[in-house]
Amino acid sequence: MHFAPSPIPASEPPRDCPRCPRLVAFREALRVEYPDWWNAPVNAFGDPQAWLAIVGLAPGKHGANRTGRPFTGDYAGQLLFDTLGTFGLAHGTYAATPEDDLALDGAIIINAVKCLPPQNKPSPEEIRTCRPFLEGQAAVLPNARVFVALGQIAHQSAVKVLGGRLPKAKFGHLAEHRMPGGHVLIDSYHCSRYNTNTGRLTAAMFEAVFARALAVRAELAAK
């Protein structure tokens, strides 16, 4: 399967990363069941000079775990990339495949968990075990001062990676957290089909997150 190389390769896990036994077993089973799928840790996607880092949860089974690119191949990707395009953070045509010409400008996607977890639910130990990869990627993004966390697990990992304290940084849609190193973290409900179908997240609510991210960028630049 064709897959674009990571924009930050030194911080990526190996294709056969052995760190989480349950995720390894699930990966191996899917490689047998779906041999044409990606079925491996999913690399970051976007602009290595990004000012905005988007922290997702983990690959979706029929999305990134199938295609090999974050948020590609499922509903969440359609909403995310449409929204990024609205704010000039993406160009090209999203066709739900890594072979399309979609590219991100000023934004990059880095997941809290690199491998597909069963039922989309990584265990606390798996989240901790994978955090060094998120930490490494955040550390090598020289211009990323604004972070958007998609969902509570991504929020918790981002707070820890950015040096914050969870009791003082509670998750909430459009909640904003100033981190010790000068980064700003903005929370969003995850752009999953479940959240949009139930009305927990609307397109307007999602757009408000990125509108605020652009405003924060301007505020930081003015200081």
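The values are calculated or read from the model by the stated rules, or taken from the named source; none is laboratory data. Not measured: the values here are computed from a predicted model. Cβ sites come from the backbone with ideal geometry, for glycine too, and all protein chains shown count toward neighbours. For the accessible areas, the whole protein counts, side chains as well, though only heavy atoms, and no ligand, DNA or RNA atoms are used. Shrake-Rupley method; radii C 1.70, N 1.55, O 1.52, S 1.80 Å.
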With the dipole of segment 1-122 defined by +1 on each Lys or Arg Cβ and -1 on each Asp or Glu Cβ, the option from L30, V42, A76 whose Cα lies farthest towards the positive pole is L30
Per the charge dipole of segment 2-85 (beta-carbon charges, Lys/Arg positive, Asp/Glu negative, Cα centre), the residue among P7, P59, P21 reaching farthest to the positive end is P21
Once V32, V146 are ranked on solvent-accessible area with the largest value leading and a 1.4 Å probe, the list reads V32, V146
Excluding ligands, DNA and RNA, the carbon-plus-sulfur percentage of the accessible area of segment 38-144 with a 1.4 Å probe reads 51
Helix 21-33 sits off the longest principal axis of the Cα atoms of the chain, rounded to the nearest 10 on a 0 to 90 degree scale, by 60
Measuring from its Cα centre, segment 117-179 shows a charge dipole (+1 at each Lys and Arg Cβ, -1 at each Asp and Glu Cβ) which, in debye to the nearest 20, is 240
With all protein chains in place and a 1.4 Å probe, R19 shows an accessible area in Å² (nearest 10) of 120
Rounded to whole Å, √(5λ) for the Cα gyration tensor eigenvalues of the chain, largest first, gives 26, 19, 17
Among GluC sites (Glu not before Pro) in segment 17-101, those in a DSSP loop whose Cβ has at most 15 other Cβ atoms within 10 Å are E99
Helix 75-86 sits off the longest principal axis of the Cα atoms of the chain, rounded to the nearest 10 on a 0 to 90 degree scale, by 40
Here the Kirkwood hydrodynamic radius of segment 117-223, Cα-based and in Å, equals 14.7
Heavy-atom accessible area with a 1.4 angstrom probe orders I153, I8, most exposed first, as I153, I8
With only helices counted (DSSP H, runs n ≥ 4, each -39500 (n - 2.57)), the per-residue ellipticity at 222 nm for the chain, to the nearest 500, works out to -11000 deg cm²/dmol
Rounded to the nearest 10, the angle in degrees between the Cα long axis of helix 124-139 and the longest principal axis of the Cα atoms of the chain comes to 60
To the nearest Å², the heavy-atom accessible area per residue of the chain with 1.4 Å probe amounts to 44
With all protein chains in place and a 1.4 Å probe, C191 shows an accessible area in Å² (nearest 10) of 0
If each part is reduced to its alpha-carbon centroid, segment 24-55 and segment 67-88 end up apart, in Å, by 15
Filtered hits (lysines, Cα-Cα < 21 Å from K168, offset >= 8 within chain) -> K160
Counting only protein heavy atoms and leaving out ligands, DNA and RNA, the solvent-accessible surface of D105 at a 1.4 Å probe, in Å² to the nearest 10, equals 60
